[in-house]
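Below is one structure, written out as structure tokens; comments come after it.
No lab work stands behind these numbers, since they all come straight from the coordinates. Given the structure is predicted, the values throughout are model-derived calculations rather than measurements. Note that we place each Cβ from the backbone using ideal geometry, even for glycine, and neighbour counts take in every protein chain shown.
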Amino acid sequence: MIKGALTAMVTPFKSGAVDTESLSAMIEAQITGGIDGLVPCGTTGESATLSHEEHSHVIELTIEQAAGRVPVVAGTGSNSTDETLMLTKGAEKAGANAALLITPYYNKPSQQGLFEHYKKISEAVDLPLFLYNVPSRTGLNMLPETIARLSEFENIIGVKEATGDLAQVSDVIEYSTEDFIILSGDDAVTLPMLTIGAHGVISVTSNIAPKEMALMVSRYFAGDLAGARELHYRLSALHRAMFLETNPLPVKTALAVMGRCAEEFRLPLVTMEESKRGELVAALTEYGFELSN
């Protein structure tokens, strides 16, 4: 089972291109930091601005660098079913352990449309698939009843639930098949989600704090609720800092000031407002990170 703390990987850029050297170093830092899995080409990885060639390259590099040490769940979703299928087949061919498929954004399909979208992908590949529900980014909420219907497909193995709504998550767990994997898509509510039956998190904060995020989850599953709670509150200020502006602006800026990559984004994303950047740097300093610039 894919569970624990997985990192929604940043895609570093340098002079307009994917910075493969920095990406390789980040992957290695994640694995040595104890993370349980890697998720390239998701929202945090600025997937919407990657060309198909870059998208494939980032996934292939992540799989190669991970070398089977941790599972790789490739972000392959799109608002086009045919494009989603093409990217998912590519990830399957590259050797990904699973794929993460965001609900189609902008189109705003009906719940039946969502069902048919995922059904088509499921029937066309053997790769294990995670649904990805993040209404704040897509303008569309995939309802628990729809997720439950999709959980019946053998290779739709779980969902990244980023509504932040514990009542909805509870319904998803209640209605879905028994072995369906629930991953938090919101760092701040990971621990509460674990307590009602979730299996882990796809984390933004773990880009900068992989050891702590992995430890919080592992402590919970080891029965050390007090220890998990201690880390939850220790990490809370970082979680807030990671969303001072639109993800991935804060987390990539954090990595930049830590000397891990360039502070470079692709339009329409631009660098953080100076006041927000100052708040971010203050939060990183307070946590105890060593900053290089």
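Give the residues of the range 167-188 that are assigned to a helix (DSSP H, G or I) and not aromatic (Phe, Trp, Tyr), sorted by residue number. Quick ask: steps written out before the conclusion?
First, pick out the residues of the range 167-188 that are assigned to a helix (DSSP H, G or I): 167-175, 187-188.
Across the range 167-188, the qualifying residues are Ala167, Gln168, Val169, Ser170, Asp171, Val172, Ile173, Glu174, Asp187, Ala188.
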Failed criterion for Ala262 (all others in (1) touching a residue at least 60 places away in the same chain (Cβ under 8 Å); (2) assigned to a loop (DSSP other than H, G, I, E, B); (3) farther than 20 Å from Thr11 by Cα hold): (3)
Residue satisfying all of: in the range 38-58; over 15 Å from the mean Cα position of the chain (by Cα) and in a loop (DSSP other than H, G, I, E, B); surrounded by the fewest Cβ atoms within 10 Å (Cβ to Cβ) among these: Ser51
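Taking Leu127, is it farther than 25 Å from Asn247 by Cα, surrounded by 15 or more Cβ atoms within 10 Å (Cβ to Cβ) and either free of Cβ contacts under 8 Å to residues at least 60 places away in the same chain or of a type in the set (Ser, Thr, Tyr) (or both)?
On the way: farther than 25 Å from Asn247 by Cα: yes; surrounded by 15 or more Cβ atoms within 10 Å (Cβ to Cβ): yes; either free of Cβ contacts under 8 Å to residues at least 60 places away in the same chain or of a type in the set (Ser, Thr, Tyr) (or both): yes.
It is true that Leu127 is farther than 25 Å from Asn247 by Cα, surrounded by 15 or more Cβ atoms within 10 Å (Cβ to Cβ) and either free of Cβ contacts under 8 Å to residues at least 60 places away in the same chain or of a type in the set (Ser, Thr, Tyr) (or both).
Filter the range 121-163 for residues that are among the charged types (D, E, K, R) and either part of a strand (DSSP E or B) or under 17 Å from Asp186 (Cβ atoms) (or both) and give the result.
Passing the criteria: Arg137, Lys160, Glu161.
Here are some residues: Tyr220, Tyr233. Which one is in contact with a Ser or Thr (Cβ under 9 Å, 6 or more places away or on another chain), surrounded by fewer than 23 Cβ atoms within 10 Å (Cβ to Cβ) and hydroxyl-bearing (Ser, Thr, Tyr)? Show your work before the answer.
On the way: Tyr233 fails: in contact with a Ser or Thr (Cβ under 9 Å, 6 or more places away or on another chain).
Selected residue: Tyr220, the only one of Tyr220, Tyr233 that is in contact with a Ser or Thr (Cβ under 9 Å, 6 or more places away or on another chain), surrounded by fewer than 23 Cβ atoms within 10 Å (Cβ to Cβ) and hydroxyl-bearing (Ser, Thr, Tyr).
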Scan of the range 189-214 for residues that are farther than 27 Å from Glu174 by Cα, in a helix (DSSP H, G or I) and of a type outside the set (Ser, Thr, Tyr), ordered by number: Asn207, Pro210, Lys211, Glu212
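Given the options Lys276, Lys252, Lys211, name the one that is farther than 30 Å from Ala148 by Cβ, surrounded by 20 or more Cβ atoms within 10 Å (Cβ to Cβ) and among the basic types (Lys, Arg).
On the way: Lys276 fails: surrounded by 20 or more Cβ atoms within 10 Å (Cβ to Cβ); Lys211 fails: surrounded by 20 or more Cβ atoms within 10 Å (Cβ to Cβ).
The match here is Lys252.
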Checking Ser78 against (1) touching a helix residue (DSSP H, G or I) at 6+ places or on another chain (Cβ under 7 Å); (2) outside any loop (DSSP other than H, G, I, E, B), the condition it does not meet: (2)
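Scan the range 59-71 and give yes if some residue there is part of a loop (DSSP other than H, G, I, E, B), of a type in the set (A, V, I, L, M) and closer than 18 Å to Thr7 by Cβ, otherwise no.
The first filter runs over the range 59-71 and keeps only residues part of a loop (DSSP other than H, G, I, E, B), leaving 67-71.
From what's left, of a type in the set (A, V, I, L, M): 67, 70.
Filter again for closer than 18 Å to Thr7 by Cβ, leaving 67, 70.
Yes, some residue in the range 59-71 is part of a loop (DSSP other than H, G, I, E, B), of a type in the set (A, V, I, L, M) and closer than 18 Å to Thr7 by Cβ.
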Selection count where residues are surrounded by fewer than 24 Cβ atoms within 10 Å (Cβ to Cβ), under 22 Å from Leu6 (Cα atoms), without any contact (Cβ under 8 Å) to a residue 40 or more places away in the chain and not aliphatic (A, V, I, L, M), scope the range 90-124: 4
